[in-house]
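The values are calculated or read from the model by the stated rules, or taken from the named source; none is laboratory data. None of the values given here were measured: they were computed from a predicted structure. Backbone-built Cβ (ideal geometry, glycine too); neighbour counts: all protein chains shown. Heavy atoms of the whole protein, side chains included, go into the accessibility calculation; ligands, DNA and RNA do not. Shrake-Rupley method; radii C 1.70, N 1.55, O 1.52, S 1.80 Å.
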Amino acid sequence: MPRKSSSRAVVLDRGSPVIVIRNRSKLTDAELRRVVRAVQKQVDRDFFPLWGWRARLLYEPKRAPARSMTLVVKGKSSQYDGYHVINGVPVGVVFTRDEEQELLPLWSVAFSHEVLEMIADPGANLYAYGHYVTPRTRRRRSAYVSFEVCDAVQECTYRIDGVSVSDFVVPEWFEPGRPRGSMRFSFRNAVDAPFALAPGGYMDAQVGSKLITVDGPPLREKRRKKRHRHDVRKARFG
């Protein structure tokens, strides 16, 4: 699917958001329903108490509710996991297989990642004033940090009913005045300070007229880098 963005206002129902799940992969309905149930539990049990936001996940409804978002589960992976805002409606894409058509072992983590970020910032257009640390000099630089709740800890996972899901940062991660070590800054306590990045994590930050990507410490195991919603943000700045 080509990556598309739109300057049109997001038109989802913010009062009672719904994410419709479409299966366009080789996964069986039973396999995907199991993941949907686990991620719904994550949204209600783990995410909502900390963020105050939630959404209802609907698997393959005969008629999608008006102004609902859509998350499409597809087969073969591309360079990036996909995210689009088309005619004001957020549409996410999660891939279950790599370029060799092998099933990705942690595709459910990407699914969880996309759901939580669709809830927190469906238009992929929110930012918090904060900072990043330059990789070489380790200096702190001011920036507007994209409001992505999973990117910083995207390689940190946990399990719900046997399904692997993504860790996520808490609201205080976006508050630069919080002291290091004063609280858990992600649900699974993977980072210890605002705007800190876990191994394998990253952030997109707006510095002047440029959108840059800042990587966290490398993982011991080399993996394909994921940039979940970088393209739709970059498109807004030409």
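Suppose we filter Arg188, Arg184 for residues that are open to solvent by 70 Å² or more (accessible area, probe 1.4 Å), under 17 Å from the mean Cα position of the chain (by Cα) and within 24 Å of Asp46 (Cβ to Cβ); which single one remains?
Going through Arg188, Arg184 in turn, just one is open to solvent by 70 Å² or more (accessible area, probe 1.4 Å), under 17 Å from the mean Cα position of the chain (by Cα) and within 24 Å of Asp46 (Cβ to Cβ): Arg188.
List the number of the failed condition for Leu197; all other conditions in (1) loosely packed, with under 14 Cβ neighbours inside 10 Å; (2) at pLDDT 95 or above hold.
Here Leu197 meets the rest and fails (1).
Taking the stated definitions as given, is Asp151 under 14 Å from Val35 (Cβ atoms) and of a type in the set (Asp, Glu)?
So Asp151 fails the test.
Can you spot a residue in region 59-73 that is outside any strand (DSSP E or B) and buried (at least 19 other Cβ atoms within 10 Å of the Cβ)?
yes
State all residues of region 6-36 that are assigned to a helix (DSSP H, G or I), surrounded by 15 or more Cβ atoms within 10 Å (Cβ to Cβ) and either of a type in the set (A, V, I, L, M) or in contact (Cβ under 8 Å) with a residue 40 or more places away in the chain (or both); if no residue qualifies, say none.
The answer is Leu32, Arg34, Val35, Val36.
Among the strands (runs of 3 or more DSSP E) contained in region 132-180, which hold 2 or more residues that are open to solvent by 30 Å² or more (accessible area, probe 1.4 Å) and under 19 Å from Gly208 (Cβ atoms)?
Passing ranges, in order: 140-146.
Any chance region 35-56 includes a residue that's modelled with pLDDT under 95 and of a type in the set (Val, Ile, Thr)?
Checking region 35-56: not a single residue is modelled with pLDDT under 95 and of a type in the set (Val, Ile, Thr).
Is there a residue in region 158-181 that is in contact (Cβ under 8 Å) with a residue 60 or more places away in the chain, closer than 19 Å to Tyr83 by Cα and not small (Gly, Ala, Ser)?
Yes: one or more hits.
Identify all residues within region 89-127 that are among the aliphatic types (A, V, I, L, M), open to solvent by 20 Å² or more (accessible area, probe 1.4 Å) and either touching a helix residue (DSSP H, G or I) at 6+ places or on another chain (Cβ under 6 Å) or in a loop (DSSP other than H, G, I, E, B) (or both); write none if there are none.
Those that are among the aliphatic types (A, V, I, L, M), open to solvent by 20 Å² or more (accessible area, probe 1.4 Å) and either touching a helix residue (DSSP H, G or I) at 6+ places or on another chain (Cβ under 6 Å) or in a loop (DSSP other than H, G, I, E, B) (or both): Leu104, Leu106, Leu126.
List every residue pair whose Cβ atoms lie under 7 Å apart, where the two residues are 6 or more positions apart in sequence or sit on different chains, the first residue falls within region 112-138 and is free of Cβ contacts under 8 Å to residues at least 24 places away in the same chain, and the second residue, located anywhere, is surrounded by 15 or more Cβ atoms within 10 Å (Cβ to Cβ).
Close Cβ pairs satisfying both conditions: Leu126/Phe147.
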